[in-house]
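Asks: One structure, pasted below without further comment.
The values are calculated or read from the model by the stated rules, or taken from the named source; none is laboratory data. Computed from a prediction, not measured in an experiment: that's the story for all the values here. Quick reminder, even Gly has a Cβ in these numbers, built from the backbone with ideal geometry, and neighbours come from all protein chains shown.
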Amino acid sequence: MINKILSILPGDHPWQNTLYVFDTVPSTNDLAKDMAKQGAPEGSVYLAQAQTAGRGRMGRSFYAQKDMGVYLSVVLRPNCHPEQLMHLTCAAAEAACNAVEQAAGIRPQIKWTNDLVYGSKKLGGILTEMSVSSRTGLVEWAVVGIGINCRISDFPPEIQNIATSLLCLGADTEPWRLAAHLIAALSQMRSTLFTEKAAIMAAYRQDCMTLGKQVMLLRGEEKTYGTALDIDDDGGLLVRFADGSCQTVTSGEISVRGLYGYA
Ligand code: BTN
C-alpha cells in the first residue's frame, strides 16, 4: 500500500518520509494526536486500512470497512493563533473535493462545514482537532482527519439511506489511489492555507451545497429555522432566521432541508 501511494506522489514530496500505514487502528485522529503530543513533525500522515472507533463531529461515530475507504489523519504545526485557523476545516474539505475529482472523476459537494456529499447522501467527512498552548496562546498542533467511502456497498441499516460511496456512485476507486491524491491535495492546501485564504474560501462557497437552502439549527434541545445566505472567510455560516434576524453561525449542528432525512 505505502509503495503504491509513493508511486503516485512526486519523488520529492515533502511528506513522503512521514507517511505511516496501519492495518487496523481505533481512530487515525487519536493516533495522530498521540504522535503530535510526542513531537511528530508537520506532515506526519497516519493512514489505516480499517478503523474500529472512527470519530466524527458532535461525538458521532464514523463507519469504516477494511480496505473499503480512506481513513487518514495528518499533523500540522502552523504556529499561529487559533483564530487564524478558523477556515482549516473548510480548506481541508476543498482539498478533499479536489482529490476525489482527480482520483475518481466526480466532484462531491460540501455540506457546511465538514461533510462531503453527493446527491443527497454523505460520502465522507472531516474532523479537525487542535491543541493550543496555555503559555503562548499559539496552536501547538492541529490534526486534520478525513474519511471517504470508496468501495462500501453494504452500509449498516441505520445509515444506508444517508451514506454513499464512490462505488455506489459508479466511480469505483482504489483507496490507495485516493489516499495519494488526498495527501498531495492536503500538502498543497497547507502551503496556501494563509496566502490564498480568500481564493480557498471562494472555492468553498462554490462547492458548498448548504448556501441558499433552508436549514435547521440544532443547539442543545433548541431548534431554529432559517435560510443559509453566505459563508464568511473564517467559515462562519450567515443564516437569516424566520423572524428576519441574521446571525453568523460558527458551531452547533445544521441540518439542510432535503438531506439526511430532514424533510
Ligand atoms: C464527520 O463525519 O463528522 C467527520 C468524520 C471524520 C472521519 C475521519 S476517518 C479518519 C479520521 N479518524 C477519525 O476517527 N475520524 C477521522
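Asks: Looking at region 135-149, is at least one residue under 15 Å from the mean Cα position of the chain (by Cα), in a loop (DSSP other than H, G, I, E, B) and more than 15 Å from the ligand (Cβ to nearest atom)?
Replies: Within region 135-149, none of the residues are under 15 Å from the mean Cα position of the chain (by Cα), in a loop (DSSP other than H, G, I, E, B) and more than 15 Å from the ligand (Cβ to nearest atom).
Asks: While we're here: Please state which of the following conditions ILE162 fails to meet, knowing it meets all the rest: (1) under 27 Å from LYS33 (Cβ atoms); (2) within 16 Å of the ligand (Cβ to nearest atom).
Replies: (1)
Asks: Here's another thing I want to ask about it. In region 217-224, is there at least one residue being surrounded by fewer than 18 Cβ atoms within 10 Å (Cβ to Cβ), small (Gly, Ala, Ser) and within 30 Å of GLU83 (Cβ to Cβ)?
Replies: Yes - at least one qualifying residue is present in region 217-224.
Asks: Ok, one more. So which pairs qualify, if the first residue must be in region 88-110 and over 17 Å from ILE231 (Cβ atoms) and surrounded by fewer than 23 Cβ atoms within 10 Å (Cβ to Cβ), the second must be of a type in the set (Phe, Trp, Tyr) and at pLDDT 95 or above, the Cβ gap must be under 8 Å, and the two must be at least 6 apart or on different chains?
Replies: Partner pairs satisfying both residue conditions: ILE106/TYR118.
Asks: Follow-up. Could you give every pair whose Cβ atoms fall below 7 Å, whose first residue belongs to region 223-247 and is under 17 Å from ASP207 (Cα atoms), and whose second residue is among the small types (Gly, Ala, Ser) and modelled with pLDDT of 95 or more, counting only separations of at least 6 or pairs across chains?
Replies: Short answer, once both residue conditions are applied: ALA228/GLY212; ASP233/ALA198; LEU237/ALA228.
Asks: Okay, moving on. Suppose we keep only residues that are within 11 Å of the ligand (Cβ to nearest atom) and under 17 Å from ARG151 (Cα atoms) within region 63-79. Which one would you say is surrounded by the most Cβ atoms within 10 Å (Cβ to Cβ)?
Replies: VAL70
Asks: Here is a further query. So, in region 248-263, how many residues would count as being more than 22 Å from CYS90 (Cβ to Cβ) and either over 24 Å from the mean Cα position of the chain (by Cα) or crowded, with 16+ Cβ neighbours inside 10 Å (or both)?
Replies: Looking only at that region, the number is 1.
Asks: Something else: Suppose we keep only residues that are small (Gly, Ala, Ser) and touching a strand residue (DSSP E or B) at 6+ places or on another chain (Cβ under 6 Å) within region 9-53. Which one would you say is nearest to PRO156 (Cα to Cα)?
Replies: Result: ALA50.
Asks: May I ask you to list the residues in region 217-247 that are part of a strand (DSSP E or B) and under 21 Å from the mean Cα position of the chain (by Cα)?
Replies: Within region 217-247, LEU217, LEU218, ALA228, ASP230, ILE231, LEU237, LEU238 meet the criteria.
Asks: Tell me, which residue of region 33-62 that is near the ligand (Cβ under 8 Å from one of its atoms) and of a type in the set (A, V, I, L, M, F, W, C) is nearest to SER133 (Cα to Cα)?
Replies: MET58
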